[in-house]
Amino acid sequence: ALAMLDGSLQIQVAKLRRGGLVLERLHLTVALRGGALTLRPSTALLAKGQLALGGELNSDGVALRLNLRRAAMATLGPMLDFSALEGSLDLNADLRARGTDLRGLAAALNGTVSVVVSDGRMEAEFLDLLAKDLVLGLVKDRTSGTGTRLRCFANSHDIKDGVAVSQVLLLDTDNITLVGEGQTD
C-alpha cells in the first residue's frame, strides 16, 4: 500500500519533550516515494549538542545515519537513566540492515559506530565495573567520592553481517589508561 503513496512532510518544532528526552529546534523532513520512506537530513539540538539524522526505509532494508556533536553528558545522562559519566559526547553511526524482525536486522547489520566522551568526570563505581580487580588495585586510593577526571573515552566499531569488531577502545583518566579490543556478535 505504501508504494501507492507519494508525499513529504516537514516539521519544525521549538521544543519537543518525551519523558526526559528534550529536542530543541527540531527540523524534520520525511518523504515517501514509490514505497520508500526517506528521512532527509534533519537536525535538532540534543543535550546542548547538534544532532543530524538521515536515513531510508524501503523493501531493500533500512539505513540510518546519525551524528551527535558536543552533547553534554551531564544533560543527556539523566535522559537515558545513566549518570556515571560527564563530559562532551560525540556519537557517529552509519548503519544498514535487511530483515523483517529485530533479530534478522541485527544479524544483517553493516556499518560503523563510534563514541567519544572527552573532558569530563567518571564515577568511581563505574570505573570499578569496567575492570573491577585491575582498577581497584591500581587506582582505588586515587579516586575521590566525586570520581576521577576523564580525559577521553573512545570506542569505535566496524560492523559486518552483525559482527562488530573493535577498531578503537580507549579509556584515559588522570589515574589510568585502559586499551582494549574485541568483537560482539
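Restricting the range 54-67 to residues that are in contact (Cβ under 8 Å) with a residue 24 or more places away in the chain and of a type in the set (A, V, I, L, M, F, W, C), the residue that is farthest from residue 90 (Cα to Cα) is 62.
Does residue 65 satisfy the criteria of being surrounded by fewer than 16 Cβ atoms within 10 Å (Cβ to Cβ) and modelled with pLDDT of 90 or more?
Details: surrounded by fewer than 16 Cβ atoms within 10 Å (Cβ to Cβ): no; modelled with pLDDT of 90 or more: yes.
The answer is no for residue 65.
If you go through the range 20-34 and keep only what is over 20 Å from residue 65 (Cα atoms) and without any contact (Cβ under 8 Å) to a residue 40 or more places away in the chain, you end up with just 34.
Inside the range 88-107, can you point out the residues that are open to solvent by 30 Å² or more (accessible area, probe 1.4 Å) and of a type in the set (A, V, I, L, M)? Write out each step before concluding.
If we filter the range 88-107 for residues that are open to solvent by 30 Å² or more (accessible area, probe 1.4 Å), which is where we start, we get 90-92, 94-96, 98-103, 105-107.
Across the range 88-107, the qualifying residues are 91, 95, 102, 105, 106, 107.
Scanning the range 50-62 for residues that are open to solvent by 70 Å² or more (accessible area, probe 1.4 Å) and in contact with a Gly (Cβ under 8 Å, 6 or more places away or on another chain) turns up just one, 59.
Only one of the listed residues (16, 32, 85) is surrounded by 12 or more Cβ atoms within 10 Å (Cβ to Cβ) and within 19 Å of the chain's Cα centre (by Cα). That residue is 85.
Checked against (1) crowded, with 16+ Cβ neighbours inside 10 Å; (2) under 12 Å from the mean Cα position of the chain (by Cα), residue 80 passes all but condition (1).
For the range 131-139, does any single residue satisfy the condition of being at pLDDT 60 or above and either open to solvent by less than 40 Å² (accessible area, probe 1.4 Å) or part of a strand (DSSP E or B) (or both)?
Let us first name the residues in the range 131-139 that are at pLDDT 60 or above, namely none.
Within the range 131-139, none of the residues are at pLDDT 60 or above and either open to solvent by less than 40 Å² (accessible area, probe 1.4 Å) or part of a strand (DSSP E or B) (or both).
The values are calculated or read from the model by the stated rules, or taken from the named source; none is laboratory data. Keep in mind that this is a model prediction, so the values were computed, not measured. Positions of Cβ are backbone-derived with ideal geometry, glycine not excepted, and every protein chain shown enters the neighbour counts. Accessible surface is based on the protein model in full, side chains and every heavy atom, while ligands, DNA and RNA are left aside. Shrake-Rupley method; radii C 1.70, N 1.55, O 1.52, S 1.80 Å.
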